[in-house]
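Report on the following structure.
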Amino acid sequence: MGFYREQVVPRLIDVACGRFASPKLRARACAGLTGRVVEIGFGSGHNVGHYPAGVTRVDAIEPADLGWKMAAGRVAATAVPVHRSGLDGQSLPFDDDTFDSALSTWTFCTIPDAGAALLEVKRVLRPGGTLHFVEHGLAPDPGVQRWQHRFEPIQKRVAGGCHLTRPIADLLRAAGLKIVVLDEFYEKGAPKPLGALSLGHAVAP
Ligand SMILES: C[S@@+](CC[C@H](N)C(=O)[O-])C[C@H]1O[C@@H](n2cnc3c(N)ncnc32)[C@H](O)[C@@H]1O
């Protein structure tokens, strides 16, 4: 990894995710998480304060050392044990059926092979375990989609591989997860190409 990706991108993500990714949306995504949780793309830990009382342990998956370092204060401030247990959502170091819940917020845009990561999430969730997500992706409107396709090459370069045009619900279904709650909307205050959100829950078979 180069200097930009290692030192600059995690700081950019920390600021952008702290500013645009609203705490209310994080709280909605985290509501109902229970038991042992795997959080894919932990970043600098902006979800930690939203873990509900039923969460007993979180296994954080995060490739950026700096992101994990920046999370230290949040991790220290919670009563929930949080461990950095892996570096890559595409290859999770856990047995099948290990987790009660999984959490991903604004991450499936960035993982190189999002489909592979979702298959891993399905594998490590116990049957009936639930993935909680809030993700940005392909907008419903063709006019916004055109801008997303135009901007995507630049976005990928400046924002650590972030894609704008991933069809989140389709990816979840293709991985064999059953979507049980889905709210699709534009995030208030965010530019539409970046703010086409999918928030919900999907269950492992
Ligand atoms: C836009 S940030 C979101 C961070 C955090 N989830 C949040 O909501 O603040 C995307 C995160 O995905 C992480 N990431 C990138 N590639 C990954 C991979 N292969 N597996 C897991 N996480 C990855 C990045 O390091 C970054 O922390």
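The values are calculated or read from the model by the stated rules, or taken from the named source; none is laboratory data. Just so we're clear, the structure is a prediction, and the values are computed from it rather than from any experiment. FYI the Cβ positions are ideal-geometry reconstructions off the backbone, even for glycines, and counts take in every protein chain you see. Areas reflect the complete protein model, heavy atoms only, side chains present, ligands, DNA and RNA absent. Shrake-Rupley method; radii C 1.70, N 1.55, O 1.52, S 1.80 Å.
Being at pLDDT below 95 and crowded, with 21+ Cβ neighbours inside 10 Å holds for only one residue in Gly89, Gly161, Gly67, and it is Gly67. Among the residues making up region 34-50, those that are more than 10 Å from the ligand (Cβ to nearest atom) and surrounded by 24 or more Cβ atoms within 10 Å (Cβ to Cβ) are Val37, Val38.
The criterion of being at pLDDT 95 or above, open to solvent by 30 Å² or more (accessible area, probe 1.4 Å), outside any helix (DSSP H, G or I) and acidic (Asp, Glu) does not hold for Asp59. Looking at the structure I just gave you, is Arg150 closer than 18 Å to Arg57 by Cα, more than 11 Å from the chain's Cα centre (by Cα) and away from the ligand (no atom under 12 Å from the Cβ)? Taking the combined requirement at face value, the residue does not satisfy it.
Between Arg150, Arg74, Arg146, the distinction of being in contact with a Gly (Cβ under 6 Å, 6 or more places away or on another chain), over 20 Å from Arg5 (Cβ atoms) and either aromatic (Phe, Trp, Tyr) or modelled with pLDDT of 95 or more (or both) belongs to Arg74 only.
Counting only residues that are surrounded by 15 or more Cβ atoms within 10 Å (Cβ to Cβ) and either of a type in the set (Val, Ile, Thr) or free of Cβ contacts under 8 Å to residues at least 40 places away in the same chain (or both), region 139-153 holds 3 of them. If you filter region 157-184 down to residues that are part of a helix (DSSP H, G or I) and β-branched (Val, Ile, Thr), you find that the one that is farthest from Ala117 (Cα to Cα) is Val158.
Report, by residue number, each residue of region 72-106 that is within 15 Å of the ligand (Cβ to nearest atom) and charged (D, E, K, R). Across region 72-106, the qualifying residues are Arg74, Arg84, Asp88.
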